[in-house]
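Below is one structure, written out as structure tokens, with a few remarks after it.
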Amino acid sequence: MGIFGKIEKIIATVLLILMGVVVASGAIEVAYEIVMGLIEPPGFFLGVSELFDVFGLFLMVLIGLELMTSIHMYLDDQKIHAEMMFLVALTAVTRKIVIMDSGAMDPMLVFSIGFLIIALAAGYYLIKKNRLASGD
């Protein structure tokens, strides 16, 4: 492994550690939001807006976990796994859908997001199909 490879590994390791800190912080934030939502009056009840906030935070933590997994996989085999990138992208689009205000959506935006989901799902399917066909 040359100097570039060592620097690359150090940077990826630092990114993995930093992502771990961010994900842990996000998980604490999700727990805090849930506990505070249940404690505040009227008690043991999360309103619709709070639920959307919690779901958005939850999906953001999930995206962070998927990014951590992709960094870890990169450190293991020195390859970027496109399959993981498609999963991260699909989760990010899902998060965007969850936190969007459905009353103020432009129809073209809805169409665009739908097309994006179809394109990402098709790309994921093709990569998965290729991987199964090649025996990886």
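Values computed for the structure shown
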{"read-out": "Evaluation of GLU50 against (1) free of Cβ contacts under 8 Å to residues at least 24 places away in the same chain; (2) charged (D, E, K, R); (3) more than 26 Å from LEU90 (Cα to Cα) (one fails), failing number", "value": "(3)"}
{"read-out": "Condition broken by ILE28, with the remaining ones in (1) at pLDDT 95 or above; (2) surrounded by 12 or more Cβ atoms within 10 Å (Cβ to Cβ) satisfied", "value": "(2)"}
{"read-out": "Matching residues in the stretch 38-61 - criterion: being surrounded by 15 or more Cβ atoms within 10 Å (Cβ to Cβ) and among the aliphatic types (A, V, I, L, M)", "value": "LEU46, VAL54, LEU57, LEU59, MET60, VAL61"}
{"read-out": "ALA121 being loosely packed, with under 15 Cβ neighbours inside 10 Å, touching a residue at least 12 places away in the same chain (Cβ under 8 Å) and farther than 30 Å from MET1 by Cβ", "value": "yes"}
{"read-out": "Cβ-Cβ under 7 Å pairs, at least 6 apart or on other chains, the stretch 57-84 side closer than 15 Å to ILE17 by Cβ, far side modelled with pLDDT of 90 or more and among the charged types (D, E, K, R)", "value": "LEU75/LYS9"}
{"read-out": "Flag if VAL35 is part of a helix (DSSP H, G or I) and either within 22 Å of the chain's Cα centre (by Cα) or crowded, with 17+ Cβ neighbours inside 10 Å (or both)", "value": "no"}
{"read-out": "Qualifying position, being at pLDDT below 90 and among the hydroxyl-bearing types (Ser, Thr, Tyr), among THR69, THR94", "value": "THR94"}
{"read-out": "Unmet criterion (only one of (1) aliphatic (A, V, I, L, M); (2) in contact with a helix residue (DSSP H, G or I) (Cβ under 7 Å, 6 or more places away or on another chain); (3) under 29 Å from ILE127 (Cβ atoms); (4) not in a helix (DSSP H, G or I)) for LEU46", "value": "(3)"}
{"read-out": "Filtered residue count, the stretch 115-136, keeping only those that are aromatic (Phe, Trp, Tyr) and closer than 12 Å to LEU90 by Cβ", "value": "2"}
{"read-out": "Failed condition for PRO41, given (1) more than 30 Å from LYS129 (Cβ to Cβ); (2) assigned to a helix (DSSP H, G or I)", "value": "(2)"}
{"read-out": "Filtered residues of the stretch 71-91 (kept if among the hydrophobic types (A, V, I, L, M, F, W, C), surrounded by fewer than 16 Cβ atoms within 10 Å (Cβ to Cβ) and assigned to a helix (DSSP H, G or I))", "value": "MET73, LEU75, ALA82"}
{"read-out": "Test result for ILE127, among the β-branched types (Val, Ile, Thr), within 15 Å of the chain's Cα centre (by Cα) and more than 22 Å from VAL54 (Cβ to Cβ)", "value": "no"}
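The values are calculated or read from the model by the stated rules, or taken from the named source; none is laboratory data. Here the structure is a predicted model, which means the values were calculated and not measured. Note: ideal-geometry Cβ built from the backbone for every residue, glycine included; neighbour counts use all protein chains shown.
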